[in-house]
Amino acid sequence: MIRIEVILPKNEVMAVSEGLKQINVGGLTVSKKRGRGKNPGPEIHASKGTEVFIPQFSDKYVLEIIIPENMEEKAIQIIKQNATIGKIFVHPVLRTYDIKTGAEGEKAI
């Protein structure tokens with residue numbers, strides 16, 4: 001199993017989610033966080049436009065999904081098709097347990 005983490009600087013969460021539903025990805029977790037990348041965030045005009053402020057951090061959307069390894073390429077392709085900018089990270093998952101049912105491994109996802 002793998003965990004795919006997607007960091008999106010623009011809110012394209014619904015488009016990615018709908019695409020992942022097409023390949024039967026059952027669930028995903030979405031978080032809104034603040035951070036910075038290589039490029040600075042957009043300027044904010046304050047004091048009736050007389051001052052310009054560039055925020056140190058901007059809003060980011062983080063999606064996390066756990067899927068079987070054989071779905072990795074399809075999932076990444078869907079994410080790339082439905083998002084215009086961002087980063088994708090792939091992490092190995094050693095074990096998975098469902099607390100309620102006691103299922104383990106891929107049965108738990």
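The values are calculated or read from the model by the stated rules, or taken from the named source; none is laboratory data. Since the model is a prediction, treat every value here as computed from it, not as a measurement. Heads up, the Cβs are rebuilt from the backbone with ideal geometry, glycines too, and the neighbour counts pull from every protein chain shown.
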Given the conditions (1) surrounded by 11 or more Cβ atoms within 10 Å (Cβ to Cβ); (2) more than 14 Å from I2 (Cα to Cα); (3) not aliphatic (A, V, I, L, M), every one holds for S47 apart from (1)
Among (1) touching a strand residue (DSSP E or B) at 6+ places or on another chain (Cβ under 9 Å); (2) surrounded by fewer than 15 Cβ atoms within 10 Å (Cβ to Cβ), G86 falls short only on (2)
(1) assigned to a helix (DSSP H, G or I); (2) in contact with an Asp or Glu (Cβ under 8 Å, 6 or more places away or on another chain); (3) in contact (Cβ under 8 Å) with a residue 12 or more places away in the chain; (4) among the charged types (D, E, K, R) all hold for E106 apart from (2)
**Item:** Filter pass, I23 being out of contact with any strand residue (DSSP E or B) (no Cβ under 7 Å at 6 or more places or on another chain), under 26 Å from Y97 (Cβ atoms) and at pLDDT below 95
**Value:** yes
Within region 51-83, residues aromatic (F, W, Y) and surrounded by 14 or more Cβ atoms within 10 Å (Cβ to Cβ) come out as Y61
When restricted to P92, P42, P55, the only residue within 17 Å of the chain's Cα centre (by Cα) and over 16 Å from V6 (Cβ atoms) is P92
When restricted to Q77, Q81, the only residue out of contact with any Pro (no Cβ under 7 Å at 6 or more places or on another chain) and within 13 Å of E12 (Cβ to Cβ) is Q81
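Residue-by-condition table, conditions (1) under 26 Å from I78 (Cβ atoms); (2) at pLDDT below 95; (3) not hydrophobic (A, V, I, L, M, F, W, C):
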| position | (1), (2), (3) |
| --- | --- |
| M1 | yes, yes, no |
| V6 | yes, no, no |
| R36 | no, yes, yes |
| E43 | no, yes, yes |
| K48 | no, yes, yes |
